[in-house]
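Shown next, in structure tokens, is the structure this report addresses.
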Amino acid sequence: MKTDIKLVDYLAVRRSIPAFQMSEPGPDKAEIEEILRLASRVPDHGKLAPWRFIVYRGGERARISEELLKLALEAKPDLSEEMIQVERTRFTRAPVVIAVVSKAAPHFKIPEWEQLMSAGALCLNLLMAANAHGWVSNWLTEWFAFDERAYPLLGVKPGEKVAGFIHIGSTSFPPVERPRPELSETVTWIGGEDA
């Protein structure tokens, strides 16, 4: 494989755009399918495909957001007006929201941990596939990814877990760099002769 300088350049500046900075338009169904095909090319020990996608589009996003608001108010009836507005727009910030759902389960050969990591790799690949098609994207989890009361509303089945919600759309906001960790703080070297 030759060095792909375009990929290197992309990775050097890859940046998520906050979902609240997204707007229409978003990808259509055919383009979403192509993005999902590319995203599915992740490490997957045993070829289990221990994950699946749920695509939220159109008016269903507003309906789901309103139902999530009801669940949030059940848990915290004293939500501020600002937080009520946040809950009301959970799925309407971006034109397309895609859930990456982990189906990881005990297996005679493939550790469940590896299956979970495959779903995480899928989330990142989905961000990059959307970017490769010219869209901005963001990987969020938020409270309802972990609240099983929301799972029937979201289309998540018993025994599944949400790895993330990938928001995809357009923006007029420029990407802003953020601090990144220093390699000296995150890398341990073992072996090698160069200092």
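Only residues that are part of a loop (DSSP other than H, G, I, E, B) and in contact with a strand residue (DSSP E or B) (Cβ under 7 Å, 6 or more places away or on another chain): list them for region 149-171, please. Explain how you work it out, then say what you get.
Step one: list which residues in region 149-171 are part of a loop (DSSP other than H, G, I, E, B), which gives 155-160, 171.
Within region 149-171, GLY155, VAL156, GLU160, THR171 meet the criteria.
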Review point. What single numbered condition from (1) open to solvent by less than 20 Å² (accessible area, probe 1.4 Å); (2) touching a residue at least 24 places away in the same chain (Cβ under 8 Å); (3) farther than 14 Å from PHE165 by Cβ fails to hold for LEU71?
Key: (1)
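Out of the residues in region 32-68 meeting the condition of being basic (Lys, Arg) and exposed (fewer than 15 other Cβ atoms within 10 Å of the Cβ), tell me which one is nearest to ASN125 (Cα to Cα).
Applying the first criterion (basic (Lys, Arg)) to region 32-68 yields 37, 41, 47, 52, 57, 61, 63.
Adding the requirement that they be exposed (fewer than 15 other Cβ atoms within 10 Å of the Cβ) leaves 37, 41, 47, 63.
Numbers: ARG37: 10, ARG41: 8, LYS47: 17, ARG63: 28 Å.
This residue is ARG41.
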Practice item. Could you tell me whether any residue of region 158-169 is without any contact (Cβ under 8 Å) to a residue 40 or more places away in the chain, closer than 28 Å to LEU73 by Cβ and not aliphatic (A, V, I, L, M)? Key: yes
Point to revise | Neighbours by Cβ (under 7 Å, 6+ apart or cross-chain): first from region 74-91, among the aliphatic types (A, V, I, L, M); second at pLDDT 95 or above | key: LEU79/ALA72; LEU79/LEU73; ILE84/LEU69
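Would you check which residues across region 170-195 are of a type in the set (Asp, Glu), more than 24 Å from ALA130 (Cβ to Cβ) and either within 20 Å of the chain's Cα centre (by Cα) or at pLDDT 90 or above (or both) and list them? Let's see the steps before the verdict.
To start, the set of residues in region 170-195 that are of a type in the set (Asp, Glu) comprises 177, 182, 185, 193-194.
Pick out the ones that are also more than 24 Å from ALA130 (Cβ to Cβ) and you get 182, 185, 193-194.
GLU182, GLU185 - these are the residues of region 170-195 that are of a type in the set (Asp, Glu), more than 24 Å from ALA130 (Cβ to Cβ) and either within 20 Å of the chain's Cα centre (by Cα) or at pLDDT 90 or above (or both).
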Check your understanding: Can we say GLU81 is at pLDDT 95 or above, open to solvent by 70 Å² or more (accessible area, probe 1.4 Å), closer than 16 Å to VAL136 by Cα and not small (Gly, Ala, Ser)?
Key -> no
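The values are calculated or read from the model by the stated rules, or taken from the named source; none is laboratory data. The shown structure was predicted, so the numbers you read here are calculated from the model rather than taken from an experiment. Using ideal geometry, Cβ is built from the backbone for each residue, glycine included, and neighbour counts are taken over all protein chains shown. Keep in mind that these areas ignore ligands, DNA and RNA; they rest on the heavy atoms of the full protein, side chains included. Shrake-Rupley method; radii C 1.70, N 1.55, O 1.52, S 1.80 Å.
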